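The values are calculated or read from the model by the stated rules, or taken from the named source; none is laboratory data. Predicted model, so just to flag it, every value in this text is computed and none were measured. Cβ placement follows ideal geometry from the backbone for every residue including glycine, while neighbour counts extend to all protein chains displayed.
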Amino acid sequence: MERTHIAFFGRRNAGKSSLVNRFTSQELSIVSDVAGTTTDPVRKTMELLPLGPVVIIDTPGIDDEGALGNLRIERSIRVLDETDIAILVVDGSIGMQDEENALVDAFAKRKIPYLLVFNKSDLDLVRVPENAMVVSALKGEGIEELKERVAVIIKQRKTRPLVSDLVEEGDLVVLVVPIDKSAPKDRLILPQQMVIRDLLGKGAIPVVVKDTELAIALEKVGKVRMVITDSQAFGKVSKIVPPEIPLTSFSILMARFKGILDQSLEGAGMLDKLNDGAKILISEGCTHHRQCEDIGTVKLPGWIREYTGRDFEFAFTSGLEFPVDLSGYDLIIHCGACMLGETEVASRYRKAKEQGIPMTNYGIAIGKMKGILGRVTSFTIE
Ligand SMILES: Nc1nc2c(ncn2[C@@H]2O[C@H](COP(=O)(O)OP(=O)(O)OP(=O)(O)O)[C@@H](O)[C@H]2O)c(=O)[nH]1
Ligand code: SF4
Ligand SMILES: [Mg+2]
């Protein structure tokens, strides 16, 4: 399961950092009575009972002032893009103001579930709205109840299956994992681990091979329900796997899992419509190119030029930077985003959609250029 990103928002001095420290039982953030103590979002990845794997995010107050204040507000708002569950912390001795109401609107617009928390219950509180919880970060009161409420929301979040709905118990599924120089040393990447885990959970039988042993494996193993490959090896693998065996890739399954498959398929169609000089944004989810190495920066531009016979202008971004204004681009091609949370990915695709810019990802773009997109997204089951 993906990590749940839980972010604490509110005005300055509401007690966000105090509450984060109580919530995590750690001294994560500095607390003081100076308004504007937290100046940058603070993130902490951890396991938290009864919530499981989470990222806890403390944010600067959204009522900060001046030029620097505006920058801080922007950073807090940016955190919404990765937020799965929001905690809106209100100074209960003051109550809700315009800023809190604006945040509630922002949560609603992005469909982010949130909990309204009136803090400082040890003081005299103004009238508490019915849907609000009351806590005291100072005294540590109401913290367990808050965690339980968050746990309920986590349980309710819909989890789509990655691959287990496409196979039956006892089905044999061959996974192709090329071990070339771009493969990480001594381990499998997250989408590969997730597919294996999901197949095992279903009672299916995953068989993992390198591309070089695929042909021999298919001969030996008998009836195969599906082959799942790294999309970089689509060209080679699609020639080895007989057409009657369904074929797809880890990245296509991930796109389906993250709810962005349809938009990505539509976006890939743009590759046939680009004019010379079109601007293509290639965006990667991490800065250290874990297993992607030069795919985005070198290989992909080369393949696109070869496929289209045209020349384009390429721009690149990586990590958490993703342009707010996408209007200069004709097409966006994103990496598999294995290091990004589901909500961050969804919000990038939503931005592209809102601005009318086609967007696709590496695996689907490669499938398209190899001429096998129909085959690798059909998910046909014999
Ligand atoms: N009485 C009382 N004071 C609290 C409570 N929680 C926090 N405070 C105090 O409120 C002040 C601000 O707390 P912080 O946790 O730094 O607030 P913040 O929302 O993170 O503030 P910024 O980082 O400036 O946005 C500190 O003096 C805290 O001790 C509470 O439950 N009761
Ligand atoms: S986040 Fe993107 S660039 Fe980074 S390893 Fe994953 S797929 Fe590659
Ligand atoms: Mg703070």
Handout entry: Number of the condition not met by Val150 [criteria: (1) under 30 Å from Leu115 (Cα atoms); (2) in contact with a Pro (Cβ under 7 Å, 6 or more places away or on another chain)]
Key = (2)
Practice task
Can you run down the residue pairs with Cβ atoms below 7 Å, 6 or more apart or on separate chains, where the first is in the stretch 231-246 and assigned by TED's automatic domain parsing to the domain that holds Lys210 and more than 13 Å from Pro178 (Cα to Cα) and the partner is modelled with pLDDT of 95 or more and of a type in the set (Gly, Ala, Ser)?
Solution key: Ile240/Ala215
Problem - Top-ranked residue of the stretch 31-45 - restricted to ones that are in contact with a Lys or Arg (Cβ under 9 Å, 6 or more places away or on another chain) and farther than 19 Å from Leu138 by Cα, ranked as surrounded by the fewest Cβ atoms within 10 Å (Cβ to Cβ) - result: Thr45
Handout entry: Given (1) surrounded by 16 or more Cβ atoms within 10 Å (Cβ to Cβ); (2) in contact (Cβ under 8 Å) with a residue 24 or more places away in the chain, number of the condition Asn275 does not satisfy
Key = (1)
